Amino acid sequence: MEKTIANTVLKVNEEGYLTDFSQWNQEVGSAIAQEANIGMTARHWEVIAYLQREFKNEVPLSIRRIGKSGVVDIKEFYQLFPMAPLKTASKIAGIPKPVSCI
Amino acid sequence: MGHDSNTMKRILILGAGTAGTMMANHLRRHLSVENWEIDIVEERTEHHYQPGYLFLPFDIYTPEDISKPVCEFIPKGVNLINDHIEKIDPEQQFAIMRNGDRLHYDLLIIATGTKIAPEETPGMLGPEWQQSVFDFYTFEGALALRNKLREWQGGRLVVHVTEMPIKCPVAPLEFAFLSDSYFKNKKMRDKVEITYITPLSGAFTKPKATTALQHLLDEKNIRIESDFAIEHVDNDNKTIVDYGGRTIPFDLLVTVPTNKGDELLARSGMGDDLNFVPTHKATLQAKNWPNVFVLGDASDIPTSKAGSVAHFEAEILTENILSFIAGEPLKQEFDGHANCFVETGEGKALLIDFNYTHEPVEGTFPLPGIGPLRLLKENRMNHMGKLAFRWIYWNMWLKGNHIPFVSAKMQEAGKAFD
Ligand SMILES: Cc1cc2nc3c(=O)[nH]c(=O)nc-3n(C[C@H](O)[C@H](O)[C@H](O)COP(=O)(O)OP(=O)(O)OC[C@H]3O[C@@H](n4cnc5c(N)ncnc54)[C@H](O)[C@@H]3O)c2cc1C
C-alpha cells in the first residue's frame with residue numbers, strides 16, 4: 001500500500017506502519033504523530049531515536065526491555081505515547097509493529 | 001559416576017519435564033550404553049500433566065489425573081538424579097547440584113522450562129494472593145482456585161495475562177471460555193461478569209485465529225480489554241492498574257503472571273532478560289556454546305511455548321545430536337511447528353496448527369481433506385481430541401513415540417492459506 005504523508009508517497013502496510021525505513025525522516029514522523037494526536041517534544045524524539053537504534057541493531061522490542069533501558073521508564077513511556085505506547089511509538093519511528101512472539 | 005573411563009562420554013539433561021523426558025527416551029534408543037552415559041536431573045518427584053491445570057479449577061480433572069511419578073517415564077539405562085541444579089559452567093562443561101556435586105558433561109541439553117514470576121508485578125503477591133488473586137499455571141494455584149470456585153458466589157471475574165511470552169498462550173482464553181460453561185452449569189452465569197484482559201491488541205497473536213476467537217468471546221458474552229500493560233495490583237481496592245492509569249476492578253482475579261526461565265540460567269549467565277537461553281531457531285543449538293542444546297520452554301525461539309512444540313523439536317533434535325556426535329553438520333530443520341487444541345467450553349474445542357511462517361488457518365488435520373479434526377472451527381470431535389491428548393501425553397509423547405500421520409514439520413496440504 002501507499003500513503004501520502006508530509007507530501008511524500010510512502011510504502012506502508014494495512015495498519016499504517018512504514019515498510020521501508022529508509023523513507024523515514026523527522027517530518028514523516030511528526031505527521032504520523034499528529035494522526036495519533038501526539039505533539040512531539042524533544043523528549044519524544046529521544047525515545048524515538050532509541051527505538052530506531054534498537055531496530056537497527058535487530059534487538060526485539062518489548063515494553064519490559066524499554067523499561068529497563070535507562071532511556072525511559074515505563075510510566076513516562078505511557079505518558080509520552082498514551083494507550084499502546086510501543087505500537088504508537090514504533091509507527092512514528094517508521095519501524096515495524098513489534099511482534100509479541102507467541 | 002562412571003566418567004573415569006576414556007571412551008565413556010556423558011550427556012546431561014537438565015529438567016525431566018515434558019521436553020527432558022522425551023529426549024531421554026529418544027537418545028537412549030539411539031546411543032549405545034557402552035559409549036554414552038545419559039543422566040537427567042530433576043528436582044521434583046512428581047511429573048505433572050500441565051495442560052490439566054486448565055481443567056483442575058473446574059473440577060473436570062482431579063489431582064490424581066494429572067500427576068505421576070517422574071521415574072515412571074525415565075527409561076532403563078538413564079540415571080535419574082533428584083536434585084536442584086544450582087549452576088552451569090559452560091566453559092568448564094559441568095553443572096553444580098545443590099548438594100555440591102559437579103556433573104561433567106560432553107553434551108548438555110537444557111530443558112528446565114519456564115515458571116511463573118508473580119513477584120515481577122508489584123502487589124501481585126500481596127494479601128489478596130490466593131484469597132481473590134489466583135494463578136492456574138502451577139499445581140498449587142490451580143488447586144487453590146478450584147477450592148475458591150467451588151464456593152464463590154459470583155461477581156466480577158477478571159482473567160488476565162501479564163506479559164508475553166507465556167507458555168500455552170491460548171490457555172487463559174480457554175480459561176475464560178470454560179468459566180462461561182462452568183457458571184452456566186452451576187446456574188449462576190447471570191451473577192458473573194467475565195472480562196478478559198490482555199497486553200496484546202486482540203484475543204490472540206495471529207490475525208486469523210484472533211478473528212475466530214473474538215467471535216467466540218462475543219458469543220459467550222466475555223468482554224475483552226486489550227493493550228493492557230499492568231503496573232500493579234491494588235489489594236485494598238481490588239483493582240489492577242495499567243501504566244496508562246486504566247483501572248479494572250475485580251472480585252476474583254485469575255492472572256497469568258510473567259513467565260521466566262529458571263533462575264539457574266541467570267546465575268550461570270546463560271539467559272536473556274527473562275532467563276530464556278538464546279538458541280538457533282532451526283537447529284536448537286545454543287547460540288554461544290556448540291555442545292549445548294535447548295529444548296522446550298527454556299529457549300528463546302520465536303514459537304509457542306507448548307508441549308506440542310517440545311514433541312516436534314525432540315524428533316528433530318535427536319537427529320541433530322546424532323549428527324553433532326558424528327561431527328556432521330546440523331540440519332536446519334525446525335520450522336516452529338505448534339499444534340494446540342483450544343477448549344471453547346460446552347464440550348467443544350477448536351484446533352490450531354502453525355509454524356514460524358504460517359499463521360493458523362482453516363482446514364483439516366492430520367489428513368489433508370479428511371481430518372477427522374477441523375482447524376480453527378469449533379466442534380465436538382476436537383474436544384474429544386483434547387481429552388484424548390492426556391492419554392497420548394502419558395503413553396506416547398513422554399516415551400518419545402512418533403504419532404502416526406503427524407509430522408514434526410508442519411504440513412501445508414489441506415489448509416486454506418490466502
Ligand atoms: C495451564 C497450562 C495449559 C497448557 N496446555 C497445553 C496444551 O493444551 N498443549 C500443549 O502442547 N502444551 C500445553 N501447555 C504447555 C506445556 O505444558 C509446556 O510447554 C511443556 O510442559 C514444556 O515442557 P518443558 O520440558 O520445556 O518444561 P516443563 O515440562 O515445565 O519441565 C521443566 C522441568 O525442569 C525442572 N527444573 C527447572 N529448573 C530446575 C532446577 N534448577 N533444578 C532441577 N530441576 C529444575 C522443573 O521441575 C520441571 O520439571 C500448558 C501449560 C500450562 C501451564
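If you find the alpha carbon centre of segment A:21-55 and of segment B:258-285, how far apart are they in angstrom?
32
To the nearest 10 Å², what's B:C71's accessible area with a 1.4 Å probe?
Accessible area, nearest 10 Å²: 90 Å².
Given that compact globular proteins tend to follow 2.2 N^0.38 Å, what is the ratio of the alpha-carbon Rg of segment A:2-93 to that value? Intermediate results must be reported in sequence, preceding the final value.
On the way: Rg = 12.7 Å, N = 92, 2.2 N^0.38 = 12.3 Å.
Computed over Cα atoms of segment A:2-93, the ratio equals 1.04.
Can you give me the Cα centroid spacing of segment B:156-199 and segment A:65-99 in angstrom?
Each part's Cα centre sits 28 Å from the other's.
Below 8 Å between Cα atoms, with a sequence gap of 6+, how large is the relative contact order for chain A in percent? It would help to have the intermediate numbers written out before the result.
Working: 105 pairs, mean separation 31.4, N = 102.
Relative contact order here is 31 percent.
GluC sites (Glu not before Pro) within segment B:25-83: which are DSSP loop residues with at most 14 other Cβ atoms inside 10 Å? Could the numbers behind the result be given before it?
Details: sites: B:E34, B:E37, B:E42, B:E43, B:E46, B:E64, B:E72; in loops: B:E34, B:E43.
Answer in residue order: B:E34.
Using only the heavy atoms of the protein chains and a 1.4 Å probe, how would A:W24, B:W36, B:W391 rank by accessible area, largest first?
On the way: A:W24 50, B:W36 30, B:W391 155 Å².
The most accessible residue leads, giving B:W391, A:W24, B:W36.
In nm, what is the difference between 0.36 nm times the number of residues separating B:H280 and B:T357 and their Cα-Cα distance?
Difference between extended and current length: 26.1 nm.
Enter the angle in degrees (range 0 to 90, nearest 10) between the Cα long axis of helix B:307-325 and the first principal axis of the Cα atoms of chain B, meaning the one along which they spread out most.
20
Can you send over the solvent-accessible area of B:R223, 1.4 Å probe, protein chains only, in Å² to the nearest 10?
Only protein atoms counted, so the area is about 120 Å².
Using a basic spin-label model with each label point 7 Å from the Cα along Cα→Cβ, how many nm lie between B:E140 and A:M83?
Computed distance between label sites B:E140 and A:M83 equals 4.1 nm.
Take each complete run of DSSP H in chain A, measure how far its Cα atoms stretch along the helix's own axis, and keep only those covering 27 Å or more with mean Kyte-Doolittle hydropathy at least 0.5; list them. It would help to have the intermediate numbers written out before the result.
On the way: long enough: none.
None clear 27 Å together with a mean of 0.5.
Where nothing but the Cβ of Lys and Arg (+1) and of Asp and Glu (-1) is charged, how large is the charge dipole of the protein assembly as shown around its Cα centre, in debye to the nearest 20?
Numbers: 54 positive and 68 negative charges, 177 e Å.
Once rounded to the nearest 20, the dipole reads 840 debye.
Once ligands and nucleic acids are excluded and a 1.4 Å probe is used, how much of B:H26 is accessible, expressed in Å² to the nearest 10?
Surface accessible to solvent at B:H26 totals approximately 20 Å².
Would chain B count as rounded, prolate or oblate if I go by the C-alpha gyration tensor, calling it rounded below 1.5 in a/c and otherwise prolate when a/b exceeds b/c, oblate otherwise?
On the way: a/c = 1.91, a/b = 1.46, b/c = 1.30.
Since a/c reaches 1.5 and a/b is larger than b/c, the shape of chain B is classed as prolate.
Need one word for segment B:259-306: rounded, prolate or oblate. Basis is the Cα gyration tensor (sqrt eigenvalues a ≥ b ≥ c); a/c below 1.5 gives rounded, then a/b vs b/c decides. Working shown, then result.
Details: a/c = 2.05, a/b = 1.11, b/c = 1.84.
Oblate is the answer for segment B:259-306, as a/c is 1.5 or above yet b/c matches or exceeds a/b.
If you fit an axis through the alpha-carbon atoms of helix B:207-219 and take the longest principal axis of the Cα set of chain B, what angle between them do you get, 0 to 90°, nearest 10?
40
Starting from the Cα gyration tensor of segment B:338-416, take the square roots of the eigenvalues, sort them a ≥ b ≥ c, and report rounded, prolate or oblate (rounded when a/c is under 1.5, otherwise prolate if a/b is larger than b/c, else oblate). Mind showing how you got there, number by number?
On the way: a/c = 1.71, a/b = 1.07, b/c = 1.60.
Oblate, because a/c is 1.5 or more while a/b does not exceed b/c.
Can you list residues from other chains, or at least 5 along the same chain, whose modelled amide H is less than 5 Å from the amide H of B:V256?
B:H160, B:V161, B:T162
With each pseudo-label sitting 7 Å past Cα toward Cβ, what's the B:K287-B:E263 distance in nm, one decimal?
Going from the B:K287 label point to the B:E263 one covers 2.6 nm.
Taking a label point 7 Å from the Cα of B:V33 along the Cα→Cβ vector, which residues of segment B:7-27 have an amide N closer than 20 Å to it?
Those under the cut-off are B:7-13, B:21-27.
Over segment B:279-418, calculate the relative contact order: mean separation of alpha carbon pairs under 8 Å at least 6 apart, over the residue count, as a percent.
The value is 21 percent.
Residue separation times 0.36 nm, minus the C-alpha to C-alpha distance between B:E46 and B:F405: what's the value?
Values: separation 359, 0.36 × 359 = 129.24 nm, distance 3.08 nm.
Here the segment from B:E46 to B:F405 would lengthen by 126.2 nm.
Determine the share of segment A:2-93's accessible area contributed by carbon and sulfur atoms, expressed in whole percent, with a 1.4 angstrom probe. Please list the in-between numbers first.
Working: 2400 of 4900 Å².
So the carbon and sulfur contribution to the accessible surface is 49 percent.
Do any trypsin sites (Lys or Arg not before Pro) in segment B:117-209 lie in a DSSP loop with no more than 12 other beta carbon atoms within 10 Å, and if so, which?
On the way: sites: B:R146, B:K148, B:R150, B:R156, B:K167, B:K184, B:K186, B:K187, B:R189, B:K191, B:K208; in loops: B:K186, B:K187.
Passing sites in segment B:117-209 are B:K187.
Charges on Cβ only, +1 for Lys and Arg, -1 for Asp and Glu, centred on the Cα centroid of segment B:338-416; of B:P366, B:L351, B:G400, which one is farthest towards the dipole's positive end?
B:G400
If you roll a 1.4 Å probe over segment B:117-258 with all protein chains in place, what percent of the accessible area is carbon or sulfur? Intermediate values should be presented prior to the final figure.
Values: 2490 of 5220 Å².
Of the solvent-accessible surface of segment B:117-258, carbon and sulfur hold 48 percent.
Holding the Cα-Cα limit at 18 Å, pick out from B:K348/B:K399; A:K3/B:K208; B:K377/B:K415; B:K167/B:K331; B:K186/B:K220 the pairs that are longer than that. Provide the component values of the computation, followed by the final result.
Values: B:K348/B:K399 28 Å; A:K3/B:K208 25 Å; B:K377/B:K415 12 Å; B:K167/B:K331 26 Å; B:K186/B:K220 16 Å.
Cα-Cα > 18 Å for B:K348/B:K399; A:K3/B:K208; B:K167/B:K331; rest within.
Counting only protein heavy atoms and rolling a 1.4 Å probe, how much accessible area do A and B lose on contact, total for both sides, in Å² to 100?
Numbers: alone 6310 and 17090 Å², together 21830 Å².
Summed over both sides, the interface buries about 1600 Å².
Of B:S181, B:S67, B:S407, which is the most mobile in a GNM of chain B whose springs link Cα atoms less than 10 angstrom apart?
B:S407
Mind putting a number on the dipole of segment A:2-93 about its Cα centre? Charges go on the C-beta only, +1 for Lys and Arg and -1 for Asp and Glu, and I need it in Debye to the nearest 20.
In total the dipole reaches around 320 debye.
For a paramagnetic label modelled at 7 Å from the Cα of A:W45 toward its Cβ, which residues of segment A:7-30 fall within the zone defined by backbone nitrogen distances under 16 Å?
Answer for segment A:7-30: A:24-30.
How large is the dipole of chain B about the Cα centre if only Lys and Arg carry +1 and Asp and Glu carry -1, each at its Cβ, rounded to the nearest 20 debye?
Numbers: 42 positive and 57 negative charges, 244 e Å.
Charge dipole, chain B, about its Cα centre: 1180 debye, nearest 20.
If you count only protein heavy atoms with a 1.4 Å probe, what accessible area per residue comes out for the protein assembly as shown, rounded to a whole Å²? All intermediate terms of the calculation are to be shown ahead of the outcome.
On the way: 21830 Å² over 520 residues.
Normalised by residue count, the accessible surface of the protein assembly as shown is 42 Å².
Based on the Kirkwood radius over alpha-carbon pairs, what value in µm²/s does the Stokes-Einstein equation return for the translational diffusion coefficient of segment B:117-258 at 25 °C and 0.890 mPa s?
162
When the label point is put 7 Å from the Cα of B:D236 along its Cα-to-beta-carbon vector, which residues of segment B:110-132 have a backbone N closer than 18 Å?
B:122-129
Along the charge dipole of chain B, which of B:C168, B:I85, B:L178 sits closest to the positive end, that is, farthest toward it, with unit charges on the beta carbon of Lys, Arg, Asp and Glu (+1, +1, -1, -1)?
Of the listed residues, the answer is B:L178.
Could you work out the relative contact order of segment B:1-84? I mean the mean sequence separation of Cα pairs under 8 Å and 6+ apart, divided by the number of residues, in percent. Walk me through the numbers on the way to the answer.
Details: 115 pairs, mean separation 29.0, N = 84.
Once normalised by length, the contact order is 34 percent.
How big is the protein assembly as shown along each principal axis, measuring the range of its Cα positions in Å and listing the largest first?
72, 58, 52
The values are calculated or read from the model by the stated rules, or taken from the named source; none is laboratory data. It should be emphasised that the depicted structure is a prediction, and the values quoted were computed from it without experimental measurement. Backbone-built Cβ (ideal geometry, glycine too); neighbour counts: all protein chains shown. The accessibility values were calculated without ligands, DNA or RNA, using every heavy atom of the protein model including side chains. Shrake-Rupley method; radii C 1.70, N 1.55, O 1.52, S 1.80 Å.
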